[in-house]
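**Q** Here it is, the structure, as structure tokens.
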Amino acid sequence: MLRRIFNSAVVLTALLAGLNASAQSGEYLSYTPYSIFGIGDLSQQGSAYNRSMGGVGIASRNVRYQNSLNPAAITARDSLSFMLDFSLLNSNIIYRQGDLTSARNINNISSMAISFPVWRSMSMIFGIAPYSSAGYGYTVKETDPSIIATTGNITYQDYGQGSYYKLYGGIGHTFWKKLSVGAEADYIFGNCNKYFTENFSKSGFNAVQDSYLLYLNAFTGKFGVQYEQKFGSKTKVGFGATYSLGANMHGTVDYKHSSVGSAETVVVSSHSDTLGVNAAPVRIASELGLGLSVNFDERIRAEINYIFADWTNTGMGTANGFAVTNSKLPFSTTARQSVRAGLEYTPDRYNVRYWYKRVSYRAGAYYNNEYYKVGGNEINTFGITLGATLPVFRWYNGVSVAVDMGQRGTAVAGLVRERYIKFCVGLNLHDIWFQKRRFE
């Protein structure tokens, strides 16, 4: 057992090193103009299993799949089982602003986690997943005639990239075979580069560039509870709740104001601010999640989730490096809300003759309000999901696939509309530990 835990820890460490390397190599892990604000684009948590059902999982208790959305859910397992989940995400996005369109596709890791029992009805989980990311690059031309008459044509170029990850470990326990509770410790870390440049067409003017390099980390945690009640011999109704703690972000914001010429770049001024010491404090918002699920005869599962997080007083709307104050459409923080629903159907999971009857088919839908406004306009995201888990080998091993089709934002009022289709593929690996051998 210890050897297997050690090998799993080595895999997680190698993955962590790979994530840091890819973040430093210049590859975008996300791309959206809205990620210029705050800590970027918040990642959808969960594996391909969760994504295929609209992102639900707060109330789910399923022994066949690892569910990291609620730390209380990790106790839903065979008592001797070791589980590993690894998911990859491919995003294909078409952007539109007015009559302009562009497209981009991006690949990233969605999640990786291992879980195992530690004592009777107690289990543990360790994993890593993207928390948020920034990736953007766009150009705007000055249109004010009075400014152009003095300086000539001005082109504003804004671009940036970076990523933040969540490293987590949790423990859960089940009481009376109905009530499960769990707690999770989270460490969020990463860095991001942001550049804002003004280029002048007249030769007598040097370009001006403001750059921010953010090194951030935060310690936070999550608590979860699940309760499942039987009604008759085939129906189970479950309730789940999670609460993620708000936390101050730590780290530094390195700022440089530079004059960029054809021959050299001169740093006019620079300073490094430590968050909460000589810079304004910035926080991650606390989050409340509620879920309700129904399980009928191990064939039909349905769930609905509601999530609320108030980012209004987190400081991201005013802090240097987080706020966007030089935009004609200024950003501001707001409450983030999400409604998600999902359905799963498995014709006959114990059928040994027809493989396709053991396949779990899923569908879902979601609607989100993002944690920011642009020019006073709420940015909303909505979509539908489809997916399935294809059983392979024995036990509960399988390959999960999910398709997410949706839209964020709108193409009016100078905003950018994103229409996307995302593919997520996950491996659900399952093994039995702690077996006692008998010899006759």
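Please treat every number below as a calculation from the coordinates, not as lab data. Owing to the predicted nature of the structure, the values given are computational and were not obtained by experimental measurement. Backbone-built Cβ (ideal geometry, glycine too); neighbour counts: all protein chains shown.
**Q** Report the trypsin sites (Lys or Arg not before Pro) located in the range 112-167 that are in a DSSP loop and have at most 16 other Cβ atoms inside 10 Å of their Cβ, or state none. Working shown, then result.
**A** Values: sites: Arg120, Lys141, Lys166; in loops: Arg120.
Passing both the DSSP loop test and the Cβ count: Arg120.
**Q** Among Asn191, Asn153, Asn217, which one shows the highest mean-square fluctuation when the chain is modelled as a Gaussian network with alpha-carbon springs under 10 Å?
**A** With Cα springs under 10 Å in the chain, the top fluctuation among Asn191, Asn153, Asn217 is at Asn153.
**Q** Can I ask one more? For the chain, give the magnitude of the charge dipole about the Cα centre (Cβ charges: +1 Lys/Arg, -1 Asp/Glu; no others), in debye to the nearest 20.
**A** Numbers: 40 positive and 29 negative charges, 436 e Å.
My answer is approximately 2100 debye.
**Q** Could you please report the charge total around Gly38, scoring K, R as +1 and D, E as -1 over all other residues with beta-carbon less than 13 angstrom from its beta-carbon?
**A** +2
**Q** Another question, then. Using 0.36 nm per residue of separation minus the Cα-Cα distance, give me the extension gain between Ser203 and Tyr367 in nm, one decimal. Write down the numbers at each step before the final one.
**A** Numbers: separation 164, 0.36 × 164 = 59.04 nm, distance 4.96 nm.
Between Ser203 and Tyr367, full extension yields an extra 54.1 nm.
**Q** Another one. What 222 nm value per residue comes from the helices of the chain, counting each DSSP H run with n ≥ 4 as -39,500 (n - 2.57) and dividing by all residues, nearest 500 deg cm²/dmol? Can you show the working numbers first?
**A** Numbers: 3 runs with 34 residues, N = 440.
Theoretical 222 nm ellipticity from helices: -2500 deg cm²/dmol.
**Q** Now for a different question. Rank Gly170, Gly232, Gly387 by mean-square fluctuation in a GNM of the chain with C-alpha springs under 10 angstrom and give only the top-ranked residue.
**A** Gly232
**Q** Moving on. Can you tell me which lysines have their Cα less than 20 Å from the Cα of Lys256? Leave out same-chain residues fewer than eight positions away.
**A** Of all the lysines, those that pass the test against Lys256 - Cα under 20 Å, at least 8 places apart if same chain - are Lys194.
**Q** Still on this structure, please answer the following. About its Cα centre, how strong a charge dipole does the range 292-419 have in debye, to the nearest 20, once Lys and Arg get +1 and Asp and Glu get -1 at the Cβ? All intermediate terms of the calculation are to be shown ahead of the outcome.
**A** Working: 15 positive and 10 negative charges, 80 e Å.
About 380 debye.
**Q** First check a/c for the range 286-431, with a ≥ b ≥ c the square roots of the eigenvalues of its C-alpha gyration tensor; if it is under 1.5, answer rounded, and if not, answer prolate when a/b is larger than b/c or oblate otherwise. Mind dumping the intermediate values first?
**A** Details: a/c = 2.83, a/b = 2.47, b/c = 1.15.
Judged from the Cα gyration tensor, the range 286-431 comes out prolate (a/c at least 1.5, a/b above b/c).
**Q** If you don't mind, there's one more thing I want to ask. What per residue convex hull volume, in Å³, comes out for the range 2-432 when only alpha-carbon positions are used?
**A** On the way: hull volume 64.2 nm³, N = 431.
Per-residue hull volume (Cα only) is 149 Å³.
**Q** GNM on the chain, C-alpha springs below 10 Å: top fluctuator among Ile154, Ile94, Ile421?
**A** So, out of Ile154, Ile94, Ile421, the one fluctuating most is Ile154.
**Q** Sticking with this structure for a sec: Excluding residues fewer than 8 places away in the same chain, name every one of the lysines whose C-alpha is closer than 19 Å to that of Lys230.
**A** The reachable lysines, counting only those whose Cα sits under 19 Å from Lys230, are Lys177, Lys178.
**Q** Between Trp176 and Lys230, what is the spin-label point distance in nm, taking each point 7 Å from the Cα along the Cα→C-beta axis?
**A** About 1.5 nm separates the two model spin labels.
**Q** Give, as a single signed number, the net charge of other residues whose beta carbon lies under 11 Å from the beta carbon of Val403, with Lys and Arg counted +1 and Asp and Glu -1.
**A** Result for the neighbourhood of Val403: +2.
**Q** Continuing with the same structure: Give me the distance between the Cα centres of the range 319-397 and the range 140-187, rounded to whole Å.
**A** With the range 319-397 and the range 140-187 each reduced to a Cα centre, they are spaced 17 Å.
**Q** Between 0 and 90 degrees, rounded to the nearest ten: what's the tilt of helix 2-24 against the longest Cα principal axis of the chain?
**A** For helix 2-24, the angle is close to 20 degrees.
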